[in-house]
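Worksheet: the structure to be examined is printed underneath.
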């Protein structure tokens, strides 16, 4: 391992939040290095075929995979300031000297010494316990999206979707766009968690959404050949008779949890906030954590939507540039904050607002 | 390969077709795309056999985080095939157990 790579801002994760932060900070002249563990930039955006909601400022009405292109094009304008490493993961932070180790591919390592670090590492999928949940054919919803929407591979013939949140509903529709049959969508809760518009799209096509139902087991010897499902009562106890479902893929859309191991490693103050779906760093409104050189944005800060991740990325990009002493557009703070607030208004934003109430502090003072 | 033939929204632009082997069988895939995706397109769903319980495993997260898709690639065990690009002539094998340290080979570029 030879030289240590110096950079103003290290952005870990080239998805919705990370790319937005890169675009913002690069426009003020910061030298940025982006590490992306996948083979290409764009994160979850490139897997979305549906048109986004929300505000025009966050590209509402544009399909997810095209939004990634828009942000990448913006970065292109300041490309001399942005260095991108794909297939490269940040694997460690050393508190004593502020060095980050990165792994490129499976075998090659290098070191970075950034002045500021943004963790825009996104989320990882949850799994639920049931017999045979490790059989090939039990896939995370994100994995199914990668397979079919990024690489154009047919995931299977017939899919049982577990979870009727937005991801379960959207991926069910995406599977149908790819010509795959949906056996059913299961939801343990008595109501659909995702937006009605997504649910209506698949209901109109005749897909059953079975509320108060859970998966009891996956069937099959070496790969998934079916599943057993059963009804639940209000106390989530099994009732009625178990039913066999014919399927060759079981897709789990049972939630995400923030990915933020390196924030733990850096000693950032972390807090378990159930509304944000796991442990998250305590941060101020400009997304700075308790460590003066670490920022966070997007799902790593708490599970929310891509639109919010993009704005958080902007705010973090702005704040890191300011912390570097660069001349920034101060009024952008207010503009971005207003957009975030507007996304989080109303009933749909209640959970997030409540979670932020626990994870956000007003000011770090001299810390 | 089991590829999506027509899609209402997306157009897939694949790279060059390359040959690789899976457990000695010749297969075709697209250069630079993840090994795991190429295998799935070829109908291969079992990527490794677990060390303790001898259970078959395929991929799960497809973003390089869960370790489910570890395989032996060109003699190197525990390769995350969901984020490792496919190249011409790659030798991909089902991994049984924890894998063994590859001896007598040139590894890495950590000079």
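The values are calculated or read from the model by the stated rules, or taken from the named source; none is laboratory data. Note that the structure is predicted; figures quoted are calculated from it, not measured. Every residue, glycine as well, gets a Cβ built from its backbone with ideal geometry; the counts of neighbours run over all protein chains shown.
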Determine which single condition residue A:26 fails, assuming it passes every other condition in (1) at pLDDT below 95; (2) assigned to a helix (DSSP H, G or I); (3) farther than 23 Å from residue A:259 by Cα. (1)
How many of the residues making up segment A:229-256 are surrounded by 17 or more Cβ atoms within 10 Å (Cβ to Cβ) and either within 14 Å of chain B (Cβ to nearest Cβ) or at pLDDT below 95 (or both)? 10
Inside segment B:1-21, can you point out the residues that are in contact (Cβ under 8 Å) with a residue 40 or more places away in the chain and within 7 Å of another protein chain (Cβ to nearest Cβ)? B:2
Scanning segment A:73-98 for residues that are buried (at least 18 other Cβ atoms within 10 Å of the Cβ), in contact with a helix residue (DSSP H, G or I) (Cβ under 9 Å, 6 or more places away or on another chain) and under 28 Å from residue B:33 (Cβ atoms) gives A:75, A:82, A:84, A:90
Does residue B:50 count as under 17 Å from the mean Cα position of the chain (by Cα), within 12 Å of chain A (Cβ to nearest Cβ), modelled with pLDDT of 95 or more and within 29 Å of residue A:91 (Cα to Cα)? yes
Tell me whether segment A:35-47 contains one or more residues that are modelled with pLDDT of 95 or more, within 14 Å of chain B (Cβ to nearest Cβ) and part of a strand (DSSP E or B). yes
Kindly provide the set of residues from segment A:107-136 that are touching a helix residue (DSSP H, G or I) at 6+ places or on another chain (Cβ under 7 Å) and either surrounded by fewer than 18 Cβ atoms within 10 Å (Cβ to Cβ) or within 11 Å of chain B (Cβ to nearest Cβ) (or both), ordered by number. A:121, A:122, A:123, A:125
Please work out which one of (1) free of Cβ contacts under 8 Å to residues at least 60 places away in the same chain; (2) part of a helix (DSSP H, G or I) is the condition residue A:174 fails and give its number. (1)
Let me confirm something: among A:47, A:66, which residue is farther than 16 Å from residue A:121 by Cα, assigned by TED's automatic domain parsing to the domain that holds residue A:319 and out of contact with any helix residue (DSSP H, G or I) (no Cβ under 7 Å at 6 or more places or on another chain)? A:66
Only helices (runs of 4 or more DSSP H) wholly contained in segment A:248-367 count here; list those with 2 or more residues that are touching a helix residue (DSSP H, G or I) at 6+ places or on another chain (Cβ under 9 Å). A:306-323, A:331-343, A:350-359
Meets criteria (more than 10 Å from chain A (Cβ to nearest Cβ) and crowded, with 20+ Cβ neighbours inside 10 Å) for residue B:37: no
What number of residues within segment A:177-196 are part of a helix (DSSP H, G or I) and either in contact with a helix residue (DSSP H, G or I) (Cβ under 9 Å, 6 or more places away or on another chain) or within 14 Å of chain B (Cβ to nearest Cβ) (or both)? 1
Quick one: residue A:202 ticks every box in (1) at pLDDT below 95; (2) not in a loop (DSSP other than H, G, I, E, B) bar one, so which box is it? (1)
Scanning segment A:143-157 for residues that are in contact (Cβ under 8 Å) with a residue 40 or more places away in the chain and part of a loop (DSSP other than H, G, I, E, B), which turns out surrounded by the fewest Cβ atoms within 10 Å (Cβ to Cβ)? A:157
Check on residue A:215, assigned to a strand (DSSP E or B), closer than 30 Å to residue A:37 by Cα, in contact with a strand residue (DSSP E or B) (Cβ under 8 Å, 6 or more places away or on another chain) and touching a residue at least 24 places away in the same chain (Cβ under 8 Å): no
The lone condition residue A:111 fails out of (1) more than 18 Å from the chain's Cα centre (by Cα); (2) closer than 30 Å to residue A:218 by Cα is (2)
Selection status of residue A:89, within 8 Å of chain B (Cβ to nearest Cβ) and closer than 18 Å to residue A:260 by Cβ: yes
Name the residues in segment B:54-73 that are more than 9 Å from chain A (Cβ to nearest Cβ) and free of Cβ contacts under 8 Å to residues at least 24 places away in the same chain, would you? B:54, B:67
Could you tell me which numbered condition residue A:223 fails, if it satisfies all but one of (1) modelled with pLDDT of 95 or more; (2) out of contact with any helix residue (DSSP H, G or I) (no Cβ under 7 Å at 6 or more places or on another chain); (3) assigned to a loop (DSSP other than H, G, I, E, B); (4) more than 14 Å from every other protein chain (Cβ to nearest Cβ)? (4)
